[in-house]
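Have a look at the structure below, then the notes.
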Amino acid sequence: MVTGSAVKSETLHLGVRRTGGYNRSMGERYLKSVRLLAECLQGFERFVAEPVRRHGLTHPQFDIIATLGNTPGMTYKELGERTLITKGTLTGVIDRLEQKGLVERVRNCDDRRSFHVRLTAAGDALFGAVFPAVVAHGKQLFADYGDSDFEQLDHALRRLRTRLDAPAVAATAPGEHRAGPCPADEG
């Protein structure tokens, strides 16, 4: 029988209670990978921010410009779904882009409560300059990647995204394990 103090003594420095399948070295391995992932994310954001800043934009502003580029525009809802910008931040970003004369809001004819957001001529011209510059800059980072490198990276990232999107992961308590393989593990 496990007493309360025994449970406390089995709690690791990671804050995870030891259960049947958990071991300390796996927890440390996980933290090492998570740190590497976070460092890559931060480094990538710094790397791609350089050409964006040169064109006088913030990363969220670029995200909107890039998403609207080569489209007739879209609703706030569509923009929110296609960008990495939260709904609360989206309005402020669009406000600032509108003040710069890069986007315009047009009231939706079918629903007067909603707006369609599209690039202005100046916004379209900026898109034509900044988007290719960002893509070219980003390609430098992966210049030595071959098809198999991209396939491995894509597989690992899709697998992680699938696990993050799975409702069972969010509902799993620390130290518990999900039953069965992740669908992305199979392919």
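The values are calculated or read from the model by the stated rules, or taken from the named source; none is laboratory data. Remember, predicted model here, so these are calculated numbers, not experimental data. Quick reminder, even Gly has a Cβ in these numbers, built from the backbone with ideal geometry, and neighbours come from all protein chains shown.
In segment 68-89, the condition of being basic (Lys, Arg), modelled with pLDDT of 95 or more, under 22 Å from residue 118 (Cβ atoms) and surrounded by 11 or more Cβ atoms within 10 Å (Cβ to Cβ) is met by no residue.
Here segment 153-172 is the region considered, the condition is being under 18 Å from residue 34 (Cβ atoms) and modelled with pLDDT under 75, and the residue that is surrounded by the fewest Cβ atoms within 10 Å (Cβ to Cβ) is 170. Restricting segment 90-104 to residues that are surrounded by 15 or more Cβ atoms within 10 Å (Cβ to Cβ) and assigned to a helix (DSSP H, G or I), the residue that is nearest to the chain's Cα centre (by Cα) is 90.
Conditions tested, residue by residue: (1) part of a helix (DSSP H, G or I); (2) of a type outside the set (Gly, Ala, Ser); (3) modelled with pLDDT of 95 or more.
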| residue | (1), (2), (3) |
| --- | --- |
| 122 | yes, no, yes |
| 134 | yes, yes, no |
| 140 | yes, yes, no |
| 151 | yes, yes, yes |
